[in-house]
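Structure, as structure tokens:
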Amino acid sequence: MLKMPKSITAGVGLVGFSLLAASAFGAVALEKGETINALWFIAAAVLNYLIAYRFYSAWICAKVLVLDETRATPAERFNNGRDFVPTNKWVAFGHHFAAIAGPGPLIGPTLAMQFGFLPGTIWILVGAVLGGCVQDMVIMFCSTRRDGRSLGQMARDELGPVGGWAALIGSMMIMIILIAVLGLVIVKAMKHSPWATATVLGTIPVAMIVGLYMRGIRPGKVLEGSILGILLLLGCVWFGGVVSGSESWRDAFDWNDMQCAWFVMIYGFSAAVLPVWLLLAPRDYLSTFLKLGVVFMLAGAIMITAPEVKMPALTQFAENGMGPIFKGSLFPFVFVTIACGAISGFHSLVSSGTTPKLLANEKEIRMIGYGSMALESFVAIMAVIAACVMEPGVYFAINSPAGVVGKEAAAAVATITSWGYPVTVEQMNALAAEMGEKTLFARTGGAPSLAVGMATIFHETFGGKMLDMWYHFAIMFEVLFILTTLDAGTRVGRFMLQDLLRHVSRPLGDVSSYPATVVSSLIFVAAWGYFLVQGVKDPLGGVNILWPLFGISNQLLAGIALTVATGIIIKMGKLRYAWVTALPLAWLATMCTWAAIEKTFSSNPAIGFLAGANKMAADLAAGVLPPDKAAAAPALIFGQRIDAALAVLFVAVLWTVIFDMIRMSRRYLAGRPVPALSESAYSRTQLEWARG
Amino acid sequence: MSAALPADLRKLWEFMRSVAGDDAYERYLERHARTHPELPPLTPAEFFADEQERKWSGVSRCC
């Protein structure tokens, strides 16, 4: 199937390349010694992306999509100097990558390392080149051929109203769960950490100063404003250190998890109702620059320090499903834990509707669609490395919730050591002191352990005595762009909600009315706030409930996108190539359904929502719960039943869309009427520079 | 080398401005002059206010 290399040299190069790739993969997969160097991960990853990009993406573009460089893109045809603008391909690549790369590929892989490094790494590498990159590229192609329309519109046009509704509900549900789980990650990073809390609070006035600067003082000077903002952000990290060192200030910033949760909710609501230029837009600029900077810095630092990966390839939790961070075995849970980095449905919302309006030429779809996702997958590999270079015992001590390993430090280290991952209280205390934290035990959520890994790598690269500064810089970096996703997501979610409310009440659906904005924002924040509070109160740390639910909803959206793409490929008369999207779809639908069934119906109360609710109800009735737990129990029982209903709803929506597509395809193949291919008519491009 | 360097640096600077969106207003003016020169263009402040409102009203960030 591969495009044949044109010359002998190319052939020899290909063989050599493949051997190199195979040996790098082999080194990662077959290592039997104590440790393995992180550079092997980098080598395996880079070769994997290069080969897939050079051959698989080229083949898809030539045979399946048949990109046509003479065809005018929507950006050219509708050029309005605003959202439709033919853009230099590297600039468009930068915009697209900055839009798709969020905190997901950093957190999911960190959590999945409880299975050992191998399952997550293989899924990130294979899932990206066969699934995620393909999804992003094909959806971008479909949208570009359809005047830059969104996934929801394409689902409606190509499949019919059922597909359209499913895409709308899917996108809104993923938004709610995503924001709740990201909020939980922030809570776990901030709780009882005056340094982190003070730093995070400091970023809010910084964003506002930058907003005022770009609005009033030097309108539109984004670079200047951002450089100013980044300097101020570094000042915030320093300021947090001062607060944490001061007896009198420390207590004011020492918040428990419910206080942190309230902060996150109030922040999300304020950001959604304040004018965008004041908080949302400037924060987005800052987090984008910081994100790109830190990602490249981390890649450089890993290359320089070449750290050893200490995590075993596989842990016992892969098989027994009793991992401390989340329950359930490798199959299917690694595939929903790592969504972003392998395949993320959310990308299909940017790949349709947003980026296609920037493309100057169709052939750039390959680099921007496939290439950006490969780069995001590489970010996930770096998160894997950062999580695996610390001692496994330390990784588990940071990430295991108190409800699993015990509240007291001595009990926690004893449990973790008994699993075969030795760690001591002294070691953890010394580490916490080095990082400028009171404790690092039970900081589930991925952010603190990633920050410890990043701080260690940066510290080794740059030397000096600033481990605590690096740790809080890493925390600030993570929180900054989680908050960006959180406030941008709340705003978009509010628009989606108003779009639905329009059918119920006209005034509430009016996006330009301020009271309607406030009411609908309040409803949307209450929706994700409900799940956030449930996660905070959950005795097993919340991640166990919310992260799989998030993964399932993200994969559900990917499933809808791949279904729409498969339907379009079939209607293009390319049934024999439909496996390009149908294969990843089949894999995702299987894993997603399997995970949802386990999360709902498993008889193990730590995995199944219903069993968990029933066990808690039985404990409550038997009176074996301590008074504080008993008071929280009824809400938690009800919450777990809601989670069960959601998981079932996700799967139902996914299969409805899949069957709708199959029904439509069968009608098409039988020659009966179906919604016509909604591709816009061909017109020849006049942009010679973009054909180059 | 010494002659090529400033040109390369300039290109890099232009590229960064372009990625950040610093040159959006210039591009707008240029296009405005071409398409409807009879109308007065927006001021920089008005233009950026409009742009920010537009950019952050759709899905611009993923997880």
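Any read-out appearing in this document is the output of simple, stated calculations on the displayed coordinates, not a laboratory observation. Values in this document were obtained by computation on a predicted structure and should not be read as measured data. Using ideal geometry, Cβ is built from the backbone for each residue, glycine included, and neighbour counts are taken over all protein chains shown.
Residue-normalised convex hull volume from the C-alpha trace of the stretch A:223-314: 205 Å³ per residue. Put in order of Cβ neighbour count within 10 Å, fewest first, the listed residues A:L274, B:L9 become B:L9, A:L274. Derived scalar couplings between HN and Hα for the stretch A:269-283 equal 5, 4, 4, 6, 9, 6, x, 4, 5, 7, 10, 5, 5, x, 5 Hz in order, rounded to whole Hz, by the Karplus curve 6.51 cos²θ - 1.76 cosθ + 1.60 (θ = phi - 60°), x for Gly and Pro. Between the amide H of A:I36 and those of A:V309, distances stay under 5 Å, these residues lying 5 or more places away or on another chain, with hydrogens modeled in the peptide plane. Amide H contacts under 5 Å for A:A313: A:F117, restricted to partners 5 or more places along the chain or on a different chain, H placed in the peptide plane at 1.01 Å from N.
Note on the protein assembly as shown: helix-only mean residue ellipticity at 222 nm, from DSSP H runs of 4+ residues weighted -39500 (n - 2.57) and normalised by residue number, equals -22000 deg cm²/dmol. Ignoring lysines fewer than eight residues from A:K188 along the same chain, the ones with Cα atoms less than 16 angstrom from its Cα are A:K407, A:K438, A:K537.
For A:K438 and A:Y682, the FRET efficiency from 1/(1 + (r/R0)^6), where r spans their Cβ atoms and R0 equals 51 Å, is about 0.20. Karplus-based coupling profile of the stretch B:29-37, in residue order and whole Hz: 4, 4, 5, 4, 4, 7, 8, 9, x, with θ = phi - 60° in 6.51 cos²θ - 1.76 cosθ + 1.60 and x standing for Gly or Pro. A Förster radius of 60 Å combined with the Cβ-Cβ distance from A:T35 to A:S513 puts the calculated FRET efficiency at roughly 0.50. A Förster distance of 51 Å, applied to the separation of the beta-carbon atoms of A:W689 and A:A618, puts the FRET efficiency at 0.15. Footprinting exposure proxy ranking of B:H32, A:H95, A:H347, fewest other C-beta atoms within 10 angstrom first, gives B:H32, A:H95, A:H347. Please give every one of the aspartates and glutamates within straight-line cross-link reach of A:K291, meaning a C-alpha to C-alpha distance under 14 Å, and leave out same-chain neighbours fewer than 8 residues apart. The qualifying aspartates and glutamates are A:E376, A:E478. Summary: within chain A, the longest segment free of trypsin sites (Lys or Arg not before Pro) located in DSSP loops with at most 13 other C-beta atoms within 10 Å is A:33-406. Legend: mean number of C-beta atoms from other chains within 10 angstrom of residue C-beta atoms, peptide A:345-352, equals 3. Site pair A:E69 and A:A411 shows an inter-label distance of 6.7 nm when each label is modelled 7 Å from Cα along Cα→Cβ. Quick one: which residues, 5+ away or cross-chain, put their amide H under 5 Å from the amide H of A:T685? H built at 1.01 Å from N. Residues meeting the amide H criterion: A:R71, A:A72.
With a 10 Å cut-off around each Cβ of A:212-221, the average count of Cβ atoms from other chains is 4.
Each semi-axis of the equivalent ellipsoid for chain A is √(5λ) with λ an eigenvalue of the Cα gyration tensor; in descending order they amount to 38, 29, 28 Å. Let a ≥ b ≥ c be the square roots of the eigenvalues of the Cα gyration tensor of the stretch A:509-633; is it rounded (a/c under 1.5), or, if not, prolate (a/b larger than b/c) or oblate? Judged from the Cα gyration tensor, the stretch A:509-633 comes out oblate (a/c at least 1.5, b/c at or above a/b). The 3J(HN,Hα) values that the Karplus relation (6.51, -1.76, 1.60; θ = phi - 60°) gives for the stretch A:241-258 are, in residue order, x, 5, 4, 5, x, 9, 3, 7, 8, 3, 5, 5, 9, 9, 9, 8, 5, 5 Hz. Gly and Pro appear as x. Taken residue by residue and averaged, Cβ atoms of other chains lying within 10 Å of the Cβ of A:278-290 number 2.
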